[in-house]
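A.B. asks: Supplied in structure tokens, the structure appears directly below.
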Amino acid sequence: MKKVWFMIENSRPAGSIFAAAVVAFGLALAPAKAADPIKIGHVAALSGGSAQSGEAITRGLTIAIDEINVKGGLLGGRKLELVQRDDESTPPKGLTAARELISREKVAIIFGGIDSPVGLAMVPILNKEKVPHMAVWAAGTGITRNGANPNYIFRVSAVDVLVDVKLLDYAKTKYGAKKAGLMLVNNPWGESNEKGLVEAVKSAGGMEIVGTEKFENNDVDMVPQLTRLKDKGADVIILVGNAAPGAQVMKARERLSWKVPVVSHWGISGGRFPELAGSWAGKVHFVQTYSFFGNQSDVGKRVLAALMAKYPDIKGPGDVTPPVGVANAYDAMQLTALALNKAGVTDGEKLREGFLGIDSYQGLIKSYTKPFTDDNHDALNENDYIMVRYNGDQIEPITG
């Protein structure tokens, strides 16, 4: 009996090994692995005052992903899948979302939304985990120019240090301004622009900064700050802030009966600025990277047609609001597809090399040539910016 018992017990491992081998062999032959989706992460403000920006980025990503998937996907037929998390415009929630997308969802890349403080908070963990990040709105200079080597952060968006040159040059050319008063949000994005504007004014030719005022995102009375700038003789206001506080700046300007021109960064285009600022919204001229108005390239015609077909609220170019979110996200997703094909895998290190290996791409915003290099992870520059204004709820280019 002991002998029989011994033989039975020893036969169990052999059977287990055989079963495991069969399972492993079956998995090796199964086509499901090749069909697993490539997960594309997106962390942005999907609720709250800046939700419109998150929706615009979502739409740009979705149109690009639809195009790629219809053509058969990437890496041997793998479809792209968008996985989103709401950062509610707060760095801690953005950081938590990024960690979840990396550890639980195993995303190949994380796209980022409107807020520079959120983007700056995510940079260290993304570089540490070697997960590429694509910024498609946040313009904080330090997001891409973060000192990391290797650097896994890329961007198809504006860059504060270049936008600041554009804003001062526009104020000088359009309004003949000589004395700029700065109204800056009191956070890392405002700090990024303060540094950029102080540096840019050195080469602005006859311009000076006469005062710098700060405000919080929830401030509702900007009269004291504007009064101080008015007393210092400011002949233009350079505004850096999001929609809600930007609207409060315009209301304070109205209460002071001060007709000083306002030239703004694009934060005001990410929310309910026209509704909150009322008739004064159209007085602000601000920067964008693209407009669906005017003559469109073949890519522009195709993207606009796809937007109108997919989203019932889009009847024409004026309904693509804000256009910067859609356009930046669309081009960035197409560039990511090229990088994935270059890499041949979703591994972060290889994907980073894939971005650096892109030679050219005929995009929506422009024709890209070597968009990313070891020394420059920003695909757009000051030559890719345009100035726009609100006409009702629509964002239209400024002509003349």
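Every number here is computed from the coordinates shown, using simple stated rules; none is lab data. None of the values given here were measured: they were computed from a predicted structure. Every residue, glycine among them, receives a Cβ derived from its backbone with ideal geometry; neighbour counts consider all protein chains shown.
A.B. asks: Relative contact order (percent) for the chain, with alpha-carbon contacts under 8 angstrom and 6 or more residues of separation?
C.D. replies: It comes to 17 percent, rounded to a whole number.
A.B. asks: Okay, moving on. Restricting the count to DSSP beta bridges whose residues both fall in the chain, what percent are antiparallel, rounded to a multiple of 5?
C.D. replies: Numbers: 11 of 47 bridges.
The antiparallel proportion sits near 25 percent.
A.B. asks: Related question: When you count, for each residue, the other Cβ atoms within 10 Å and take the mean per peptide, how do 300-312, 115-127 rank with the highest first? Spell out each step's value before the answer.
C.D. replies: Numbers: 300-312: 15.8, 115-127: 23.0.
Output ranking for 300-312, 115-127: 115-127, 300-312.
A.B. asks: Taking 7 Å along the Cα-to-C-beta vector as the label spot, tell me the K310-Q362 distance in nanometres, rounded to one decimal.
C.D. replies: 2.1
A.B. asks: Could I ask something else about it? Ratio of region 161-288's C-alpha Rg to 2.2 N^0.38 Å, to two decimals?
C.D. replies: Details: Rg = 13.0 Å, N = 128, 2.2 N^0.38 = 13.9 Å.
Here the answer is 0.93, to two decimals.
A.B. asks: Still on this model: Separation between the S47 and N376 pseudo-spin-labels, each 7 Å from Cα along Cα→Cβ, expressed in nm?
C.D. replies: Taking the simple label geometry, S47 and N376 are separated by 4.1 nm.
A.B. asks: Tell me, what ³J(HN,Hα) does each residue in region 62-77 have, in order and in whole Hz, if you take phi through Karplus 6.51 cos²θ - 1.76 cosθ + 1.60 with θ = phi - 60° and put x for Gly and Pro?
C.D. replies: Once θ is set to phi - 60°, the couplings for region 62-77 become 5, 4, 5, 5, 4, 4, 5, 5, 4, 7, x, x, 10, 6, x, x Hz.
A.B. asks: Quick one: which residues, 5 or more positions from I109 or on another chain, have an amide H under 5 Å from its amide H? H modelled 1.01 Å from N in the peptide plane, none for Pro or chain starts.
C.D. replies: Residues meeting the criterion, in which the H sits 1.01 Å from N, are G41.
A.B. asks: Based only on Cα atoms, what mean projected area does the convex hull of the chain have, in nm²?
C.D. replies: On the way: hull surface 96.9 nm².
So the mean shadow area of the Cα hull is 24.2 nm².
A.B. asks: Region 97-171: which trypsin sites (Lys or Arg not before Pro) are DSSP loop and have at most 12 other beta-carbon atoms within 10 angstrom?
C.D. replies: Numbers: sites: R99, R104, K106, K128, K130, R145, R155, K166; in loops: R104, K106, K130, R145.
Taking region 97-171 and a limit of 12 other Cβ atoms within 10 Å, the loop trypsin sites (Lys or Arg not before Pro) found are R104.
A.B. asks: OK, next. If you average the sequence gap of Cα pairs under 8 Å that are 6 or more apart and divide by the length of region 161-288, what percent do you get for the contact order?
C.D. replies: On the way: 242 pairs, mean separation 33.0, N = 128.
Averaging sequence separation for qualifying contacts and normalising by length gives 26 percent for region 161-288.
A.B. asks: Let me ask something else. May I ask you to derive the relative contact order of region 270-324, considering only C-alpha pairs under 8 Å and at least 6 residues apart, and to give it as an integer percent?
C.D. replies: Details: 28 pairs, mean separation 20.8, N = 55.
So the answer I get is 38 percent.
A.B. asks: Something else: For K232 and R389, what is the calculated FRET efficiency with R₀ set at 35 Å and r taken between the beta-carbons, to the nearest 0.05? Let's see the in-between values first.
C.D. replies: On the way: r = 26 Å, r/R0 = 0.74.
It comes out at approximately 0.85.
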